[in-house]
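Below you'll find the structure, written out as structure tokens, and then a few comments.
The values are calculated or read from the model by the stated rules, or taken from the named source; none is laboratory data. Everything numeric here is computed off the predicted structure, so don't read it as measured data. Cβ coordinates were reconstructed from backbone atoms using ideal geometry, including for glycine residues, and neighbour counts include every protein chain displayed.
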Amino acid sequence: MKRLVECVPNFSEGRDASKVDAIVAAMREVPGVFLLDRESDADHNRSVITLAGEPEAVAEAALRGVGKAAELIDLTKHTGAHPRMGATDVVPFIPIEGVTIEDCVALAKKTGREICERFRIPVYFYEAAAQRPERTNLENIRKGQFEGLREELPRNSDRAPDVGDPRVHPTAGATAVGARKFLIAYNINLNTPDIEIAKRIGKNIRFSNGGLRYVKAMGVDLKARHLAQVSINLTDFEQTPIHRVFEMVKREAERYGVSIVGSEIVGLIPKRAIELTADFYLQLENFSPAQVLENRLEASLGGAASEGAGKLAALAQPFLDAVAQPTATPGGGSVAALAGALGASLGQMVAGLSRKKKSQAAHVELLSEAVAAFRQAAKELAAAIDRDAASFESVMAAYKLPQSTPEDCKSRDAAIQRALQGAAEVPLEVARSAAEIFDRLGQLEPISSPSMLSDIRVGRLMAAAAVRGAIENVAINLESITDPAFAGRMKTETAALGARISESPVTAGRY
């Protein structure tokens, strides 16, 4: 059985992108670890990174992130709206598949000891990994933040870390390592800069003050936006759904004469949480998660997939099987069209995710335009997969026309030429569209989230492959076309499209 854990380390740096880049790069060096998300907030001066993979690999990646953060972040010079006690503030492990919460507790304990041994940073265990009941709650451990802990540790044995000496690292502070269920980080912004209102609302809704179960909350000052924020951690979204939190904050805000201007998810959110919220607000009758298209597909394809094959592989397998058949279609032209469609889909993903990030707020309009353009291009190229196969089948059908008489032969030759020209025009359209995708992906790079640079470059490589593959299919048809004017126009345009791709650093291996 596959074993997967998620780890969501929080680093006390949200303003210097180069430092966050270096921390992320250190973690990505570990094979088998996947970077699922990266969020930085300048007001909080904090970055939240989401990793997933095999337990041991993820733990090693987290350790490397802790080490790099200790090199780059100096808490004696750090300010931000979010409470913190360490350069790497928290390192939680979350079971995903084939792993229990108890396994994550053991992983947290091992990682905590390694942090202390490698970097001389004291460690506290929290949530399910807590060694003392009062340390289950992170806010009890982080009380006083870095500065308060630095002063209190030498003289108060109750604050002693679970691992390490009773003193903070001079610049990296202390780190909390834990194991927990999936947590939703959810922030609600108010149309007031009055931080006291946000603090009072946070106090009223959090469980420790008699509010909602599974809710932790505090008020945060978003100085750059002149807003107050209720910052919330939702530790069990099925017991306390996200819409219930929203509605309670809305009612509390109305008591103070303010309203909600927006809310945001930091990091990732389970699909189930969105389903519960949609069900509540739409007041759907007899709603079932089985009515969600993706859920139904997952259930169907998961059952059909061969043993050991993943669900994504099951989606791709029918097309792979069709290409592998000893038949002329689908062939290289259809594969080229698919490559272009994949490049466009990656562009749509990158633009769609980037426009949700506050760091890319200045580019929302351009990113939204890109989403629409990539979506349309992917749709057209997907249609070209079948159109290319159909055009080649038309050529084969023309060659099978009767040639018993001179008139038959003349009619057959004309039909062959028409079919060949059609078979050349489809891949030329693919090459044109893929070249546009290639260029548009390049334009996307400076306005998208830096964490998705590899997705952009893979998309450009796919688009370049589509251009070159489509040109090959144009060329093979031109060999049999007798109209010199038609062939000349085709050769001129394909040469220009090929040069357009070849002149880019991405296809020359200079990235």
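Could you tell me whether region 371-380 includes any residue that is in the same structural domain as Ala435 (by TED's automatic domain parsing) and over 24 Å from the mean Cα position of the chain (by Cα)?
Taking region 371-380 first, the residues in the same structural domain as Ala435 (by TED's automatic domain parsing) are 371-380.
Imposing the further condition that a residue be over 24 Å from the mean Cα position of the chain (by Cα) reduces the set to 380.
There is at least one residue in region 371-380 that is in the same structural domain as Ala435 (by TED's automatic domain parsing) and over 24 Å from the mean Cα position of the chain (by Cα).
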Restricting attention to region 5-19, does a residue exist that is among the basic types (Lys, Arg), closer than 24 Å to Glu264 by Cα and in contact (Cβ under 8 Å) with a residue 60 or more places away in the chain?
no
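Would you point out which residue out of Thr175, Thr171 is crowded, with 23+ Cβ neighbours inside 10 Å and among the polar types (S, T, N, Q)? Talk me through it step by step, then tell me what you get.
Numbers: Thr171 fails: crowded, with 23+ Cβ neighbours inside 10 Å.
Just one listed residue meets the conditions, Thr175.
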Does region 81-91 contain any residue that is in contact with a Ser or Thr (Cβ under 6 Å, 6 or more places away or on another chain) and over 16 Å from Leu63 (Cβ atoms)?
yes
Criterion: within 30 Å of Glu39 (Cα to Cα) and outside any loop (DSSP other than H, G, I, E, B) - qualifying residue of Ile501, Ile471, Ile437, Ile476:
Ile437
Considering only residues that are touching a Phe, Trp or Tyr at 6+ places or on another chain (Cβ under 9 Å) and of a type in the set (Lys, Arg), which ones fall in region 42-67?
Arg46
Restricting attention to region 117-151, the residues that are within 24 Å of Thr235 (Cα to Cα), assigned to a helix (DSSP H, G or I) and not basic (Lys, Arg) number exactly 7
May I ask you to list pairs of residues, at least six apart or on different chains, whose Cβ atoms are under 8 Å apart, with the first in region 374-394 being over 15 Å from Ala336 (Cβ atoms) and the second being crowded, with 20+ Cβ neighbours inside 10 Å and among the basic types (Lys, Arg)?
Phe374/Arg440
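Give Ile437, Ile447 a once-over and let me know the one that is buried (at least 22 other Cβ atoms within 10 Å of the Cβ) and either over 22 Å from the mean Cα position of the chain (by Cα) or in contact (Cβ under 8 Å) with a residue 24 or more places away in the chain (or both). Even if it seems obvious, please write down each step before you answer.
On the way: Ile447 fails: buried (at least 22 other Cβ atoms within 10 Å of the Cβ).
One residue alone meets the criteria, Ile437.
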Kindly indicate whether any position in region 72-95 is over 27 Å from Gln229 (Cβ atoms) and either touching a His at 6+ places or on another chain (Cβ under 9 Å) or surrounded by fewer than 18 Cβ atoms within 10 Å (Cβ to Cβ) (or both).
no
Taking first residues from region 306-327 that are closer than 27 Å to Met396 by Cα and second residues anywhere that are surrounded by 10 or more Cβ atoms within 10 Å (Cβ to Cβ) and at pLDDT 75 or above, the pairs with Cβ under 6 Å that are 6 or more apart or on different chains are Ala322/Pro330; Val323/Pro330
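Just to check your reading of the model, which residue among Phe237, Phe182, Phe207 is among the hydrophobic types (A, V, I, L, M, F, W, C) and free of Cβ contacts under 8 Å to residues at least 12 places away in the same chain?
Values: Phe237 fails: free of Cβ contacts under 8 Å to residues at least 12 places away in the same chain; Phe182 fails: free of Cβ contacts under 8 Å to residues at least 12 places away in the same chain.
The conditions single out Phe207.
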Only one residue in Ser345, Ser354, Ser368 is surrounded by fewer than 17 Cβ atoms within 10 Å (Cβ to Cβ) and under 19 Å from the mean Cα position of the chain (by Cα), so which one is that?
Ser368
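So, Gly219, is that one in a loop (DSSP other than H, G, I, E, B) and either modelled with pLDDT of 90 or more or surrounded by fewer than 15 Cβ atoms within 10 Å (Cβ to Cβ) (or both) or not? Don't jump to the end; show me each part of the working.
Working: in a loop (DSSP other than H, G, I, E, B): no; either modelled with pLDDT of 90 or more or surrounded by fewer than 15 Cβ atoms within 10 Å (Cβ to Cβ) (or both): yes.
In short, no.
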In region 45-64, which residues are in contact with a Cys (Cβ under 9 Å, 6 or more places away or on another chain) and either at pLDDT 95 or above or at negative phi (or both)?
Ile49, Thr50, Leu51, Ala52, Pro55, Val58, Ala59, Ala61, Ala62
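Sort through Ala419, Ala424 and tell me the only one that's modelled with pLDDT of 90 or more, surrounded by 14 or more Cβ atoms within 10 Å (Cβ to Cβ) and over 30 Å from Val458 (Cβ atoms).
Working: Ala424 fails: over 30 Å from Val458 (Cβ atoms).
Of Ala419, Ala424, the one residue that is modelled with pLDDT of 90 or more, surrounded by 14 or more Cβ atoms within 10 Å (Cβ to Cβ) and over 30 Å from Val458 (Cβ atoms) is Ala419.
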Could you give me the residue pairs with C-beta distances under 7 Å whose first residue belongs to region 329-358 and is outside the structural domain of Glu380 (by TED's automatic domain parsing), whose second residue is hydroxyl-bearing (Ser, Thr, Tyr) and buried (at least 20 other Cβ atoms within 10 Å of the Cβ) wherever it lies, and which are 6+ apart or on separate chains?
none
Screening Val177, Val230 for residues that are assigned to a strand (DSSP E or B), under 26 Å from Leu107 (Cβ atoms), out of contact with any Lys or Arg (no Cβ under 6 Å at 6 or more places or on another chain) and among the β-branched types (Val, Ile, Thr) leaves only Val177
